[in-house]
Amino acid sequence: MVTSADRATSRRVAPDPEAVAAARSVFDRDLDDGGLPVAEVVALLTEHGTPATVHSTGGRYFGFVTGGTLPAARAASVVAGEWDQNVALPAMSPIASILDTVAARWVRDLLGLPEGATVTFCAGASVANTTALTAARDAVLARVGHDVVADGLVAAPPVTVITSAEAHASIDKAVGAIGLGRDNVVRVPTDPTGALRADEVPEVGGPTIVILQAGNVNTGAMDPMDPLVAELRAAGAWVHIDGAFGAWAAASPSRRHLVAGMADADSWASDAHKWLNTPYDAGICAVRDPADLRRSFSTDAAYLTPEGADRALMHLGPQMSQRARGIEVWAALASLGRDGVADLVDRCCDLAARAAASLRTGGAEVLAPVSLNQVLVAFGEDSTTDAVVAAVQADGRTWAGATTWRGRRAMRFSVSSWASTVADVDASVAAILDVRDQVTAD
């Protein structure tokens, strides 16, 4: 008998091109004048949509630092969808507000953030970075007497933004979105692992935001934070940590040392839909002083119910109406517990190290030390590496993405899912090496 687990293991990771073409032929049509019955709509999605999906929730998907979905979180998303709660204000959903508050406290505790910090959920780490950096901009300008909320950036003193030369692309998006200018960012060189060089950080003066990275997107390397964060804050800078996945190292007793000093920052960004394995989308924004978020985002209107609660989410970010992401985060954490989160982080890191060792033994070139859950490998010339990556993705037995590292094309193998096992990693490495042999034999 074929079980659901067997089907999950044997299923292609990338969809068959024929399935994608079939789905397009079914769905890409003019809108009918009359609507379809609900059962028919669901049947179309299930029968023709499912075969065209990427099996990113399975154990052999290693692309884009994408987590799977924990069973409890997946079930909670169904419940949350049925409830369809708006969490802009606690009065709009008492239960969603309760779960959101508890989940936020648990996240703050697991990440080792200061007790007074506010954690709020949003649509991914890109939004979390933008939210935190908006608060940062307004705070550093308020310190020199300029009210951005009231007066905008017209006639505002310049704000210096300092970050790693290998900062994630979402930082550029955020800096541009808040009006500080992508081309104005000061880029600090990195060491051979991809971590920012503390000795190259310029002297801080005037309104300044420093953005450090907990987890280089290519290598997983951590920017140095202890004692750099405390020193920068003492000099007057606002320090923000982009920890989309790497911040979760704090939840592991054996890897917590990697993010020493992270808790000294002013703000943090992370994702629950990466290493915590909740459904999309679930970003995490945290700010040391809740007043800094409220300065930037609080608002009022006659139709809004006055709220005394600190966690009226419409005052803690750009959204007013918003889905109750905290429900799924609560379910994931409730099902794992403190030990389960630590085990999830540790297993992914151990599997990444295993994959790197096996790929190296198989003749691939590992381009950087495996410091967390990211593996960078090359297969010779750039053109060969690109050909191997494309062939692996088309092959369907596993999936990993491509990137550029220090001027070289590479495969990025990211272990982020609770569903990945030793067997999955070993089978995936074997598939990659098999495809490599086919490509190089041609």
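To the nearest 0.05, what FRET efficiency results for D33 and W83 with a Förster distance of 30 Å applied to their C-beta separation? So the FRET efficiency works out to roughly 0.35. Both numbers refer to the Cα atoms of the chain; Rg and Dmax are 22.9, 72 Å. Per the Debye formula on identical point scatterers at the alpha carbon atoms of region 107-187, with no solvent, log10 I(q)/I(0) at q = 0.18, 0.20, 0.22, 0.25 Å⁻¹ is -0.87, -1.01, -1.12, -1.23.
Semi-axes of the equivalent ellipsoid of region 72-333 are 29, 23, 14 Å, computed as sqrt(5λ) over the eigenvalues of the C-alpha gyration tensor in descending order. What the Cβ-Cβ distance of A91 and R143 gives, at R0 = 51 Å and to the nearest 0.05, is a FRET efficiency of 0.90.
Subtract the Cα-Cα distance of V186 and D350 from 0.36 nm times their separation in residues, and report this length gain in nm to one decimal. List each step's numbers first, then the result.
Working: separation 164, 0.36 × 164 = 59.04 nm, distance 3.49 nm.
Additional length available on full extension: 55.6 nm.
Computed from point charges on the beta carbon alone (+1 for Lys and Arg, -1 for Asp and Glu), the dipole magnitude for the chain about its Cα centre is near 520 Debye. Counted by neighbouring Cβ atoms within 10 Å, the residues S298, S56, S270 run from fewest to most as S298, S56, S270.
Count Lys and Arg as plus one, Asp and Glu as minus one, and take only other residues whose Cβ is under 9 Å from that of R325; the net charge is then -2. For an R0 of 56 angstrom, estimate the FRET efficiency from the Cβ-Cβ distance between A235 and S10 and round to the nearest 0.05. So, using R0 = 56 Å, E works out to roughly 0.50.
For region 18-126, the spread of Cα positions along the three principal axes, ordered from largest to smallest, is 54, 37, 25 Å. Taking the convex hull of the alpha carbon positions in region 307-442 and averaging its projected area over all directions gives 11.6 nm².
Where in the chain lies the longest segment free of GluC sites (Glu not before Pro) that are both loop residues by DSSP (not H, G, I, E, B) and have at most 10 other Cβ atoms within 10 Å? Present the calculation step by step, with values, prior to reporting the outcome.
On the way: sites that count: E115, E203.
With GluC sites (Glu not before Pro) excluded where exposed in loops, the chain gives 204-442 as its longest stretch.
For the chain, the membrane-span-like helix rule (DSSP H, alpha carbon extent of at least 27 Å along the helix axis, mean Kyte-Doolittle at least 1.0) picks out no helix; this says nothing about an actual membrane. Ordering P224, T299, I241 by the projection of their Cα atoms onto the charge dipole of the chain, which places +1 on the Cβ of Lys and Arg and -1 on the Cβ of Asp and Glu, puts P224 at the extreme positive end.
Here, each number is a calculation from the coordinates, and none is a lab measurement. These numbers come from a predicted model, not from an experiment. When we count neighbours, we look across all protein chains shown, and the Cβ atoms used for this are built from the backbone with ideal geometry, even at glycine.
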